[in-house]
Amino acid sequence: MSLPIEMDAVVIGGGIVGASAALFLAKSGQRAVLLERDFFGAHSSGVNYGGVRRQGRPLSQLPLSQRAHAIWGDLTNLIGIDGEYLRSGHLKLARSDKDMAALAAYEQASRGFGLDLQLLDRDQLRARFPWAGDVAVGASLCADDGHANPRIVSPAFAHAARRAGADVYEQTAVSEVSHDGHAFSVRTASGMTFRAPWLLNCAGAWAAALAEQFGEPVPMRSGHPAMLVTEPLPMFMDVSTGVEGGGIYARQVARGNCVLGGGQGFALDPAKARPGQAAILEILRNAVELYPPLAGAQAIRTWSGTEGYLPDREPVLGASSTQPGLLHGFGFAGSGFQIGPAAGEALAQMVCTGASSIALDVFSIQRFNPVSPSALPTAPPATAAPAHAENVIPLFRGRSQP
């Protein structure tokens with residue numbers, strides 16, 4: 001058996017949160033290793049819609065989302081590619097007066113966060129976006145939101161982490177984690193062992209298994225977004241769009257293809273999913289009502305993925321309440337693409353300085369597992385505990401893990 005490789009932090013999960021954490025750790029001079037079972041960005045981080053929006057998020061997420069907005073603004077310098085990132089604007093459509101009232105209430109509540117939302121009535125909507133269907137009675141526009149290509153952005157964060165000095169591994173499943181009271185030992189199926197005082201649980205829809213095995217069960221379920229892309233069409237839509245109350249979202253890329261999503265698919269196995277015929281037909285029905293230029297368009301590809309959802313649709317982000325040195329970053333409920341770089345940065349800050357520059361209390365895993373004020377500290381202890389404190393964790397009990 002090979003000797004353990006000493007690191008400062010081990011990151012499990014090569015999606016945009018884990019890869020961002022590894023990148024910021026490496027840029028701060030930390031010895032970080034990023035472990036991904038499949039390929040970087042192969043799961044929710046790479047199969048999502050690609051929306052880079054702040055509008056519509058819970059108010060609790062807006063400070064972190066605003067920080068992410070700044071990171072996205074410097075994307076090319078950070079990861080070496082532009083990722084097809086475009087601040088096109090995000091238009092949230094209303095299909096009823098009730099929906100319009102909800103948009104107005106959100107605009108009022110979110111003032112002070114820098115979103116600068118613009119409410120558009122029916123006439124204003126038609127004047128600026130003549131393609132909008134008659135079913136839309138108004139909208140809210142966030143002019144600086146936008147979209148990007150997740151299939152190239154998410155892996156680019158991992159590649160940037162490698163260039164910054166992190167050790168990064170694809171197709172490297174984690175088989176076992178142990179903790180001796182001083183540091184984690186993370187063993188891979190390929191026979192490598194890494195030892196570090198910090199472990200970052202960024203394993204997406206599979207992260208709950210690791211949290212539970214450290215005594216922090218969470219009621220996370222898997223979701224499978226239904227997605228499709230059309231053939232190239234004449235350009236008609238220059239904003240990313242969503243709908244108040246959900247149901248559908250759409251954007252058009254520079255090549256003319258329209259990317260649409262809505263509803264849920266189904267799992268084929270723990271690592272694969274399909275959108276399902278019913279979900280695709282519902283997307284197409286809604287699309288024609290809201291985006292009449294899509295009438296008759298051919299869908300050339302459909303897909304799905306696996307995302308993690310918690311009951312309050314808020315992520316778990318921050319320190320474990322049971323194990324010093326363990327940090328969680330998962331459960332972004334299909335909305336982690338935009339906020340992911342800031343979440344990764346926050347986790348890296350906790351390793352480097354002991355605290356995030358943005359308060360994360362609302363995202364604590366303790367909301368599912370309340371503990372007493374005498375809970376364990378965030379940081380790893382300075383000295384090793386006795387041998388009987390060893391906690392050997394066989395990861396995921398045979399389940400798939402990103």
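Observations on the structure shown:
- Hydrodynamic estimate: the Kirkwood radius of the range 88-161 over Cα pairs, inserted into Stokes-Einstein at 4 °C and 1.567 mPa s, corresponds to D of 93 µm²/s.
- One chain, two ends: residue 193 and residue 221. Fully extended at 0.36 nm per residue, the span grows by 7.1 nm beyond their Cα-Cα distance.
- Under Karplus coefficients 6.51, -1.76 and 1.60, residue-wise ³J(HN,Hα) of the range 83-89 in Hz, glycine/proline x: x, 6, 6, 9, 7, 7, x
- Portion, in percent, of the accessible area of the chain that falls on carbon or sulfur, probe 1.4 Å: 53
- In nm, spacing of pseudo-spin labels at residue 278 and residue 81 (7 Å Cα→C-beta vector): 3.7
- Taking the DSSP beta bridges with both ends in the chain, the antiparallel portion is around 70 percent.
- Cα-based Rg / Dmax (Å) for the chain: 21.5, 72
- Helix-only mean residue ellipticity at 222 nm for the chain, each DSSP H run of n ≥ 4 adding -39500 (n - 2.57), per residue, nearest 500: -8000 deg cm²/dmol
- Karplus 3J(HN,Hα) series, Hz, for the range 270-283 with 6.51 cos²θ - 1.76 cosθ + 1.60 (x for Gly, Pro): x, 10, 10, 8, 10, x, x, 5, 4, 5, 5, 5, 5, 4
- Between residue 127 and residue 97, full extension at 0.36 nm per residue minus the direct alpha carbon distance yields a gain of 8.9 nm.
- Using θ = phi - 60° and Karplus 6.51 cos²θ - 1.76 cosθ + 1.60, couplings along the range 55-71 (whole Hz; Gly, Pro as x): 4, x, 6, x, 4, 4, 8, 5, x, 5, 5, 5, 5, 4, 4, 5, 5
- Stretchable slack from residue 289 to residue 118, in nm (0.36 nm times residue separation minus alpha-carbon distance): 59.3 nm
- Computed over the chain: relative contact order in percent, which uses C-alpha pairs under 8 Å that are six or more apart: 25
- A cut-off of 5 Å between modelled amide H atoms, ignoring neighbours fewer than 5 places along the same chain, links residue 173 with 189, 190.
- Once the convex hull of all Cα atoms in the range 184-311 is built, its volume per residue stands at 170 Å³.
The values are calculated or read from the model by the stated rules, or taken from the named source; none is laboratory data. These figures come from a predicted structure and were not determined experimentally. Using ideal geometry, Cβ is built from the backbone for each residue, glycine included, and neighbour counts are taken over all protein chains shown. What goes into the accessible areas is simple: the full protein's heavy atoms, side chains included, and nothing from ligands, DNA or RNA. Shrake-Rupley method; radii C 1.70, N 1.55, O 1.52, S 1.80 Å.
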